[in-house]
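So the structure is just underneath, and the comments pick up after that.
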Amino acid sequence: MPDFVEPILAFLRTHEGWVIPIVFALAFGESLAFVSLLIPATVILWGIGVMVGASGIAFLPIWFAAALGAALGDWLSYWLGYHYHEPISRMWPLNKHPDLLPRGHAAFQKWGWAGVFFGRFLGPLRAAVPLVAGACQMPQWSFQLANWLSASAWATWTLGAGAFGVEALQKWF
């Protein structure tokens with residue numbers, strides 16, 4: 001490993017208690033409408049996954065923090081869209097694309113919860129999908145089913161690739 005990595009790993013081991021709230025906050029911000037445009041959290045979480053795998057810190061609590069943060073961020077975005085769909089439709093970037101809500105409604109009618117599930121994995125759309133689902137009045141139960149399942153899968157993919165990839169590489173080299 002490069003020389004600069006070991007001090008970072010030592011820092012993580014020493015301050016392990018901070019990793020969980022940081023991962024939660026990053027996942028929450030990445031999933032929250034409008035805020036996600038300001039935070040490149042997915043890339044940071046990939047890096048954290050690598051560091052977790054290399055440091056030997058327990059994966060499960062960090063995965064849980066990421067899944068919980070992502071699900072709660074989407075839940076809040078959905079709630080905002082559901083309760084404030086009229087004012088939100090007049091805000092940027094939705095006001096620049098007046099056809100977005102009708103197209104979103106048609107997509108949710110066609111794809112249902114699968115649209116929300118797979119929307120989490122579509123980078124810039126990640127935080128917009130729950131907002132539009134709420135604004136289109138998607139039923140709460142189907143949204144939450146997709147939300148919690150996709151948050152778990154997203155956390156596994158985002159953190160697990162680095163964490164388990166590093167562990168595998170360390171066994172080989």
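Assorted remarks:
- Legend: residues LEU122, LEU60, LEU68, sorted from most to least accessible area (1.4 Å probe; ligands, DNA and RNA excluded), read LEU60, LEU122, LEU68.
- Cα gyration tensor, the chain - rounded (a/c under 1.5), prolate or oblate: prolate
- Student exercise, the chain dipole from Lys, Arg, Asp, Glu Cβ charges, in Debye to nearest 20: 440 debye
- Modelled spin labels at TRP141 and TRP157, positioned 7 Å past Cα toward Cβ, are 2.7 nm from each other.
- Ranking GLY49, ALA135, GLY29 by how far each Cα lies toward the positive end of the dipole of the chain (charges on Cβ) leaves ALA135 at the top.
- Helical runs (DSSP H, four residues minimum) scored at -39500 (n - 2.57) apiece and divided by the length of the chain put the mean residue ellipticity at 222 nm at -24500 deg cm²/dmol.
- Taking only protein heavy atoms and a 1.4 Å probe, the accessible area of the chain is 75% carbon and sulfur.
- Among complete DSSP H helices in the chain, those whose alpha-carbon atoms stretch at least 27 Å along the helix's long axis and whose mean Kyte-Doolittle hydropathy reaches -0.5 are 59-83, 140-172.
- Between the beta carbons of MET91 and PHE164, assuming R0 = 45 Å, the FRET efficiency works out to 0.65 to the nearest 0.05.
- Positive-end extreme of charge dipole, the stretch 59-150 - chosen from LEU125, LEU60, GLY73 (charges on Cβ): LEU125
- Shape category assigned to the stretch 79-139 from the gyration tensor of Cα positions, a/c cut at 1.5: prolate
- Per residue, the chain exposes 55 Å² of solvent-accessible protein surface, assessed with a 1.4 angstrom probe and all protein chains in place.
The values are calculated or read from the model by the stated rules, or taken from the named source; none is laboratory data. The shown structure was predicted, so the numbers you read here are calculated from the model rather than taken from an experiment. Every residue, glycine among them, receives a Cβ derived from its backbone with ideal geometry; neighbour counts consider all protein chains shown. Quick note on the areas: whole protein, heavy atoms, side chains included, nothing else; ligands and nucleic acids left out. Shrake-Rupley method; radii C 1.70, N 1.55, O 1.52, S 1.80 Å.
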